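Visitor: Got a structure for you, written out below as structure tokens; questions coming shortly.
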Amino acid sequence: MYFFDIAEHPMEVKTMIILSGGTGTPKLLNGLKSIVPEENIAVIVNTAEDRWVSGNLVCPDIDTVLYTFADLIDESKWWGIKDDTFYTHEALKKLGYHESMKLGDQDRATHILRSELIRDGLTLTQSTDELRSSFRIKAKILPMSDDPVATMILTQEGEMHFQDFWITHKGKPEVLDVRFEGLDKAEPTPEVMNALSSEDAIIIGPSNPITSIGPILGLKGIRSMLQKKRVIAISPIIGDEPVSGPAGKLMAARGYEVSSAGVAQCYADFLDVLVVDQRDDCILPDVKVVKTDTMMSSVERSIELARFIVGLVQSPEDNSICGN
């Protein structure tokens, strides 16, 4: 199997605009940055899972994107920094203080700097750009909004923040519904709207369509903007099972079929192309379905999927690259 060396063979592309959240899309970004110059990538990131922990703002989806581009990501978990230590977390525990999230020491430094910048008057977008610069990342990393939004999960045990549902309760409670606190008042940033308006093709990464991509789509003007674009989405579902995470449980709670067809339904008002795994038998009447290997179990497979997606963007009318 042969892969390009980006230094010798960078793919000629316009700016790639990707909607991201969770762990699936960063795996795609890990491949994309190997074949596309970083300055030609812009990532719009979910912020509805952000939370203040021990006095500092933790932005899980933003941080995963930052660490992916900085080659710091812990690829065994797809969150946090590889080989991080947890001395501060353990010291707090000995003092009788329970943190709602287990934060690594190097990871915590990111949260401390972000929070100090915000306390000094910077927006989340501006503080993210400062962090991007500190990590020497050339890609644009754009929080979906500077306004606070919180994903709340309604369960039989009561309503809880997504982080409590996923970390404290390990995603086990039955999900009755999902709501996004503050989303009705939140605005997409000018940087996000400018990025979306700048290119004809938009990519939705293989992240949870309900809690990772859903909050981005729920912001004022986003769906109407996407209706004017060519939108390519990668399904995070194979057959009737999500590749990882609670996507299946959350989709079912919102009334969607747990399948690639259900993913397409989430994006029905603007979706043009759905990329599904080669083992998936998804067929849709109104959306072009293309098949490839979407299991990014190694960086090589991430690169292959990224190359496939870039091919779709570059050759929108070339049916030879499509599998269905």
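Visitor: With runs of 4+ DSSP H residues as the only contributors, calculate the mean residue ellipticity of the chain at 222 nm using -39,500 (n - 2.57) per run, divided by the residue total and rounded to the nearest 500. Provide the component values of the computation, followed by the final result.
Guide: Numbers: 11 runs with 102 residues, N = 324.
Taken over the chain, the calculation gives -9000 deg cm²/dmol.
Visitor: Straight-line reach only, C-alpha to C-alpha below 22 angstrom: list the lysines that residue 94 could link to, leaving out same-chain residues fewer than 8 apart.
Guide: Once the sequence-local lysines are set aside, what remains near residue 94 is 102.
Visitor: Residue 258: accessible area at probe 1.4 Å, nearest 10 Å²?
Guide: 30
Visitor: For the stretch 234-301, report the accessible area per residue in Å² (1.4 Å probe, heavy atoms, rounded to an integer).
Guide: On the way: 2990 Å² over 68 residues.
Per residue, the stretch 234-301 has 44 Å² of solvent-accessible surface.
Visitor: List the residues whose amide H sits under 5 Å from the amide H of residue 101, counting only those 5 or more places along or on another chain, with H placed 1.01 Å from N in the peptide plane.
Guide: Residues meeting the criterion, in which the H sits 1.01 Å from N, do not exist here.
Visitor: Summarise the accessible area of the stretch 190-234 (1.4 Å probe, protein heavy atoms) by the percent that is carbon and sulfur.
Guide: On the way: 710 of 1420 Å².
Here carbon and sulfur together make up 50 percent of the probe-accessible area.
Visitor: Please report, in whole Å, how far the alpha carbons of the chain spread along each principal axis, starting with the longest.
Guide: Largest first, the chain extends 62, 48, 37 Å along its Cα principal axes.
Visitor: Next question, about the same structure. Over the stretch 82-171, what is the relative contact order in whole percent, taking alpha-carbon pairs under 8 Å and six or more residues apart? Display every interim value, and only then the final one.
Guide: Numbers: 69 pairs, mean separation 18.2, N = 90.
Over the stretch 82-171, the number comes to 20 percent.
Visitor: Quote the accessible area belonging to residue 112 in square angstrom, nearest 10, computed with a 1.4 Å probe and with ligands, DNA and RNA left uncounted.
Guide: Roughly 80 Å² of residue 112 is accessible to a 1.4 Å probe.
Visitor: Using a Gaussian network model of the chain with C-alpha springs under 10 Å, which one of 300, 39, 99 is most mobile by mean-square fluctuation?
Guide: 99
Visitor: Taking the Cα-to-Cβ direction at residue 116 and at residue 90 and moving 7 Å from each Cα, how far apart do the two end points lie in nm?
Guide: Distance between label points: 2.5 nm.
Visitor: With the radius of gyration and the Kirkwood radius both derived from the Cα set of the stretch 225-320, what is their ratio Rg to Rh?
Guide: Working: Rg = 13.3 Å, Rh = 13.9 Å.
Result for the stretch 225-320 is an Rg/Rh of 0.96.
Visitor: Here's something else I'd like to know. What pairs in 140/172; 27/291; 14/249; 229/291; 140/291 have C-alpha atoms more than 27 Å from each other? Kindly include the intermediate steps, with their values, before the conclusion.
Guide: Working: 140/172 35 Å; 27/291 18 Å; 14/249 36 Å; 229/291 21 Å; 140/291 29 Å.
In this structure, 140/172; 14/249; 140/291 lie more than 27 Å apart at Cα.
The values are calculated or read from the model by the stated rules, or taken from the named source; none is laboratory data. Just so it is clear, the structure is predicted and the values come from calculations on it, not from any experiment. Ideal geometry is used to build each Cβ from the backbone, glycine not excepted, and the neighbour counts take in all protein chains shown. The protein model used for the area step is the full one, side chains on, heavy atoms only, and it has no ligands, DNA or RNA in it. Shrake-Rupley method; radii C 1.70, N 1.55, O 1.52, S 1.80 Å.
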